[in-house]
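Worksheet: one structure, shown below.
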Protein chains: 2
Amino acid sequence: MRESRLIVALDPERGVSLEPLLPIVSAVCSEVYGLKIGLPFMVLYGIQGLRSLRRACRARVIADFKLADVAHVMVRSVEPIAEFVDAVIAHAFVGRAGALDELKAFLDSKGIDLALVVSMSHPGSSEIIDENIEKTLAVAEALKPWGLVAPATRPAMIRVARSRLPAARILSPGIGAQGARPGDALRAGADYEIVGRSIWGSRDPLEAVRFINLEHERALRGELE
Amino acid sequence: MRESRLIVALDPERGVSLEPLLPIVSAVCSEVYGLKIGLPFMVLYGIQGLRSLRRACRARVIADFKLADVAHVMVRSVEPIAEFVDAVIAHAFVGRAGALDELKAFLDSKGIDLALVVSMSHPGSSEIIDENIEKTLAVAEALKPWGLVAPATRPAMIRVARSRLPAARILSPGIGAQGARPGDALRAGADYEIVGRSIWGSRDPLEAVRFINLEHERALRGELE
C-alpha cells in the first residue's frame, strides 16, 4: 500500500480526557500520514499532553495553531513545543516582514516544516481570504514553505495553489463534517486530506480511517467518485 | 486618577517560570486596565497557569490567541478557558459565515467580549491585511464587537477604524519595542495601548507601567508628545 494521504485532525471538546484517547490515537497514527492538533488540544492538555501524544503517535505531528501574529509572538508560541512537532501551520495573510520571514527562519533552524494557509474551508473564507489568494500565494512563493493549506470545499482554490506552487504539499481540510467527500481534494490536486470530526465521531475511528485511505487509493488511481 | 488606558502584554519566552512572575504581575495588574496573554503563555503554562494568573490579577484578562480558524475550532479553543478571561481577540480576516458569527454568539453567551484585529503592528501588515481594512471593518460593523485592534505604528489605521466604528474600543499594539511611543495611539483615537516587551524588559516593570500611565494622562489632556 502506498503512503497514506490522510491527516487526522484532533480538536477535542472541553471535558474530554486525553489518557483514554491515547490507545486509539496510537492505532490511528500507525495508518495515517499525520496527526494535526490545534489550540483546543494545547489549551486542554498543554505541553505534557503533547509529549504524551508524541510518544503515542508514530505519524507526523502537525501543530495547527493558525499562527497569525507578529514574529516574536509566533516564535515564542512554537519554541516550547519545537521538539514535539514536525510541522507548523500559519496564515499567509499576516505577510512576511516582521512576521512570517522570522517564523520561517526559526522553523528552518529547528528542522520543522511550515505550511501556509491560503484559503479555508468555511463559507466565510470567500468574504476576504479567497479574494486575496494571489497575494497570499505570492507570500508563499517568496517563502517556499513545505506546504499550503487550501480547502476541499472549494477545489478551485486547490487548483490555483497547485498551479502557482507546483512543489508545495497541499493539505486540504473540509472533508466530512464540512461537506466535501474523501478523495475530492486529492482529485483537485491536493497531497493530503485533513479529516477530523467524521473520524472521531464515528463508532469505530480506525475503521473510518481505513475507509478514507481506501477512498484515497481510488482517487489516486483516477477513479471518479 | 482616571482609569488606566494601558493593557500589558505578557508573552513569556521558553524557560521563564510563572510562579516567580506572579507577584510583579499582581502589582502591575492593580495599575492597568488589562493584562493580555497569548499563545506563548498558554503553551508554556496551560490552564493551570491561567487560573493562577486570574487569581493574581485584578485587571481584565484578555486572551489574545489571534483566533483565525473555523467556528468549531475557535469555540473549542476558548471554551476551556471561558471562566478565566474577560475578552478574546480574533482576526476579522477569517470572515463571518462558519467562523466569527458562531464565535461571537458563543462569547456573548458567556459574557466575554470580542475584539477583532483589523490591522497589525508589524511592517508585513501592509502587504495584505491593511489593503483589506475596508472589508475587515465591514465584518466588524456587522458583528458589533466590543473592540478592534489597530496598531500604533500606523495611526492611519486607527483613524479609519475609529471613524467607521465610533462605539468600538480600539486596542493598539506596537508601542515600545515595535517603535511607537506611549500616547501615540491614544492621540490617534485609540482607547487602550498594548505594551509588552518594553515593560517586562525594564529593570522595574511597575515603574515602567507608571511612566506609561503618566504619558497617557498627558496624551489625554491633549499635550503633544
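The values are calculated or read from the model by the stated rules, or taken from the named source; none is laboratory data. These numbers were taken from a predicted model, which means no experiment stands behind them. Please note: Cβ atoms are built from the backbone with ideal geometry, for glycine as well, and neighbour counts cover all protein chains shown. For accessibility, only protein heavy atoms count, side chains too; no ligands or nucleic acids. Shrake-Rupley method; radii C 1.70, N 1.55, O 1.52, S 1.80 Å.
Residue-wise test of (1) under 23 Å from A:GLU193 (Cα atoms); (2) polar (S, T, N, Q); (3) at the interface with chain B (Cβ under 8 Å from one of its Cβ atoms).
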{"position": "A:ALA56", "(1), (2), (3)": "yes, no, no"}
{"position": "A:ASP69", "(1), (2), (3)": "no, no, yes"}
{"position": "A:ALA82", "(1), (2), (3)": "no, no, no"}
{"position": "A:ASP86", "(1), (2), (3)": "yes, no, no"}
{"position": "A:GLY95", "(1), (2), (3)": "no, no, yes"}
{"position": "A:GLU102", "(1), (2), (3)": "no, no, no"}
{"position": "A:SER109", "(1), (2), (3)": "no, yes, no"}
{"position": "A:ILE128", "(1), (2), (3)": "no, no, yes"}
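Quick one: in the stretch B:157-210, of everything that is of a type in the set (Val, Ile, Thr) and within 26 Å of B:ALA140 (Cα to Cα), which residue is most open to solvent (accessible area, probe 1.4 Å)?
From the stretch B:157-210, those of a type in the set (Val, Ile, Thr) are B:158, B:160, B:170, B:175, B:194-195, B:199, B:209; that's our starting set.
Subset that is within 26 Å of B:ALA140 (Cα to Cα): B:158, B:160, B:170, B:175, B:194-195.
Values: B:ILE158: 1, B:VAL160: 33, B:ILE170: 0, B:ILE175: 10, B:ILE194: 12, B:VAL195: 0 Å².
Within the stretch B:157-210, the match that is most open to solvent (accessible area, probe 1.4 Å) is B:VAL160.
Select from the stretch A:111-126 the residues that are more than 7 Å from every other protein chain (Cβ to nearest Cβ) and hydrophobic (A, V, I, L, M, F, W, C) and list them in ascending order. If you could, list the steps in order and put the result at the bottom.
Within the stretch A:111-126, the subset more than 7 Å from every other protein chain (Cβ to nearest Cβ) is A:111-119, A:126.
Hits for the stretch A:111-126 are A:ILE112, A:LEU114, A:ALA115, A:LEU116, A:VAL117, A:VAL118.
Out of B:SER4, B:SER26, which single residue is out of contact with any strand residue (DSSP E or B) (no Cβ under 6 Å at 6 or more places or on another chain), of a type outside the set (D, E, K, R) and over 28 Å from B:SER125 (Cβ atoms)?
Values: B:SER4 fails: over 28 Å from B:SER125 (Cβ atoms).
From the options B:SER4, B:SER26, the qualifying one is B:SER26.
Between a residue in the stretch A:1-25 that is free of Cβ contacts under 8 Å to residues at least 60 places away in the same chain and any residue that is among the hydrophobic types (A, V, I, L, M, F, W, C) and in a loop (DSSP other than H, G, I, E, B), which pairs come within a Cβ distance under 7 Å, given they are 6 or more apart or on different chains? Sorted first by the residue in the stretch A:1-25, then by its partner, the pairs are A:VAL25/A:CYS57.
If you scan the stretch A:128-183, which residues turn out to be among the charged types (D, E, K, R) and either assigned to a strand (DSSP E or B) or under 23 Å from A:GLY222 (Cβ atoms) (or both)?
Scanning the stretch A:128-183 gives A:ARG154, A:ARG159, A:ARG162, A:ARG169, A:ARG181.
If the condition is being closer than 11 Å to A:TYR192 by Cα and open to solvent by 10 Å² or more (accessible area, probe 1.4 Å), then the stretch A:1-37 contributes A:GLU3, A:SER4, A:ARG5, A:VAL32, A:TYR33. Taken over the stretch A:157-174, the residue count meeting the criterion of being free of Cβ contacts under 8 Å to residues at least 40 places away in the same chain and either of a type in the set (Lys, Arg) or within 13 Å of another protein chain (Cβ to nearest Cβ) (or both) is 3.
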